[in-house]
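First up is the structure itself, then whatever we jot down about it.
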Amino acid sequence: MTLRKSKLSDLKNIGKKTEKWLNDFDIYTKGDIEKYGPVTLYKILKANGYKVNLIFVYALQGALMDSHWNKLPTEVKEKLNREINDQ
């Protein structure tokens with residue numbers, strides 16, 4: 001049996017707790033986050049009882065962009081908000 005080593009907590013905005021939550025759903029890499037997208041991952045975790053919020057979405061997007069979540073451009077945050085509300 002091969003154990004996967006996650007490096008998510010090496011990314012900006014992602015701590016050990018978020019890393020563990022994502023690992024619970026076989027998300028181990030930046031590529032995995034890109035594959036599903038921050039909004040889809042938010043919805044998966046929320047549907048499974050995890051205490052995620054809008055900051056979680058911003059944090060994942062920031063990790064993809066190598067930017068602190070509160071430094072994301074307004075248009076990026078607005079797009080994420082629309083995606084959350086449209087689905």
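Values in this text are rule-based calculations from the coordinates and carry no lab data. Because the structure is a prediction, the values reported are computed rather than measured. Cβ sites come from the backbone with ideal geometry, for glycine too, and all protein chains shown count toward neighbours.
Miscellaneous remarks
- Checked against a 23 Å cut-off, the cross-linked pairs Lys16/Lys79; Lys16/Lys51; Lys30/Lys79; Lys17/Lys79; Lys17/Lys46 give Cα-Cα distances beyond that limit for Lys16/Lys79; Lys17/Lys79.
- The trypsin sites (Lys or Arg not before Pro) of segment 28-75 that DSSP puts in a loop, and whose beta carbon has at most 11 other beta carbons within 10 Å, are Lys51.
- Applying the Karplus relation 6.51 cos²θ - 1.76 cosθ + 1.60 with θ = phi - 60° to segment 66-79 yields 3J(HN,Hα) values of 6, 9, 4, 4, 7, 9, 4, x, 3, 5, 5, 4, 5, 4 Hz, where x marks Gly and Pro.
- Sequence of Asp32, Asp24 once ranked by neighbouring C-beta atoms within 10 Å, starting from the fewest: Asp24, Asp32
- Each residue, Lys20 and Ala47, gets one label point 7 Å from its Cα in the Cβ direction; the gap between the two is 2.4 nm.
- Proxy reagent accessibility, fewest Cβ within 10 Å first, across Leu80, Leu54, Leu64: Leu54, Leu64, Leu80
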